[in-house]
Amino acid sequence: MQLAAPPGAEEQARKFFGEILGMEELPKPESLRRRGGVWFQCGAHQLHIGIEDEFVPNRKAHPAFAVQNLAALRERLCRAGHQVIEDEALPGAERFYVNDPFGNRLEFLER
């Protein structure tokens, strides 16, 4: 899956997705490095942060990440200064939303 970010956002992406969320950074193919951005491994999936010159964050459409130990993730995000938005509208799941450093909406849930 791909999310967009503004030019020069690679280090912020590494801190948020790599350090805070614990995703492993993947090396980009040499032929794509000049475009900027950064890639991460997320379970069986990859998350690509692409650079857009005229960036606008996704505030409605968003990826949802199924996680284990949602409470620990919530605490880690809060300690890092990110606002967590609780949501109880999905029966059988605990979930919340958070915006990445660029304003993209992300959902985290545990069933």
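A short reminder: the numbers here are calculations on the coordinates, not readings from a lab. Keep in mind that what you see is a predicted model, and the values were worked out from it rather than measured. Here Cβ is always computed from backbone atoms with ideal geometry, including for glycine, and neighbour counts include all displayed protein chains.
For n ≥ 4 DSSP H runs only, could you compute -39500 (n - 2.57) per run for the chain, divide by its residues and tell me the 222 nm figure to the nearest 500?
On the way: 2 runs with 14 residues, N = 111.
Using -39500 (n - 2.57) per qualifying helix, the result is -3000 deg cm²/dmol.
Can you list which of the GluC sites (Glu not before Pro) found in segment 46-111 are DSSP loop residues with at most 13 other C-beta atoms within 10 Å? Write out the running numbers ahead of the final one.
Numbers: sites: Glu52, Glu54, Glu75, Glu86, Glu88, Glu94, Glu107, Glu110; in loops: Glu52, Glu54, Glu88.
In loop regions of segment 46-111 (DSSP not H, G, I, E or B), the sparsely surrounded GluC sites (Glu not before Pro) are Glu54, Glu88.
Computed from phi, the 3J(HN,Hα) profile of segment 16-33 under the Karplus parametrisation 6.51, -1.76, 1.60 (θ = phi - 60°) reads 5, 6, x, 6, 6, 8, x, 7, 7, 6, 9, x, 7, x, 3, 5, 9, 4 Hz, with x in place of Gly and Pro. Just to be sure I understand, if you calculate Rg/Rh (Cα atoms, Kirkwood Rh) for this structure, which of (1) 0.97; (2) 1.14; (3) 1.11 do you get? Step by step, Rg/Rh (Cα atoms, Kirkwood Rh) for this structure corresponds to label (1). Backbone N atoms of segment 30-44 closer than 11 Å to the 7 Å Cα→Cβ label point of Phe55 belong to residues 37-38.
Between helix 70-79 and the chain there is an angle of about 60 degrees, using the helix long axis and the longest principal axis of the Cα atoms. Spin-label pair Lys28-Ala80: with each label point 7 Å from Cα along the Cα-Cβ axis, the two points sit 2.0 nm from one another.
What is the sum of charges, Lys and Arg at +1 and Asp and Glu at -1, for the other residues whose Cβ falls under 14 Å from the Cβ of Val84? Each step should come with its number before you reach the end.
On the way: positive: Arg74, Arg76, Arg79, Arg95, Arg105; negative: Glu75, Glu86, Asp87, Glu88, Glu94, Asp100, Glu107, Glu110.
So the environment of Val84 carries a net charge of -3.
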